[in-house]
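Remarks on the structure that follows.
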Amino acid sequence: MATRPIDHDIRRRLETVERFLIEEFDDLSAALVQSEVRNAASALLREARIQDYVPLLTHRHAYERLTAHRGSALRGGEASSFEARAA
């Protein structure tokens, strides 16, 4: 299925998701967060018949991937910024 142009409102909402997750995952690089958000959005948009839910689903998929990245970093011995602040 060919990707349709992204509606202005959907693009704005995806940018909001990206900013929110950069803030939420401040212990990970902004480039990693942007990459996960854009990869999730791109995959969803390729298959979407209705784009309205893409930002919500993008948030969910990117959040899960970023949580996995955070977990692998912690298993490697690195502390998250939350843990560093709590210490």
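Residue pairs whose Cβ atoms lie under 6 Å apart, separated by 6 or more positions or on different chains, with the first residue in the stretch 53-64 and buried (at least 18 other Cβ atoms within 10 Å of the Cβ) and in a helix (DSSP H, G or I) and the second of a type in the set (D, E) and at pLDDT 95 or above, are A62/E36. Which of the residues that make up the stretch 14-38 are among the basic types (K, R) and touching an Asp or Glu at 6+ places or on another chain (Cβ under 9 Å)? Answer for the stretch 14-38, where residues must be among the basic types (K, R) and touching an Asp or Glu at 6+ places or on another chain (Cβ under 9 Å): just R38. Among the residues of the stretch 16-50, those identified as touching a helix residue (DSSP H, G or I) at 6+ places or on another chain (Cβ under 7 Å) and outside any helix (DSSP H, G or I) are F25, D26, D27, L28, A48. With respect to being farther than 25 Å from G76 by Cα, in contact with a helix residue (DSSP H, G or I) (Cβ under 7 Å, 6 or more places away or on another chain) and among the charged types (D, E, K, R), R13 fits the description. How many residues are small (G, A, S) and crowded, with 17+ Cβ neighbours inside 10 Å if we restrict to the stretch 27-45? Number satisfying all stated conditions: 2.
The values are calculated or read from the model by the stated rules, or taken from the named source; none is laboratory data. Computed from a prediction, not measured in an experiment: that's the story for all the values here. Heads up, the Cβs are rebuilt from the backbone with ideal geometry, glycines too, and the neighbour counts pull from every protein chain shown.
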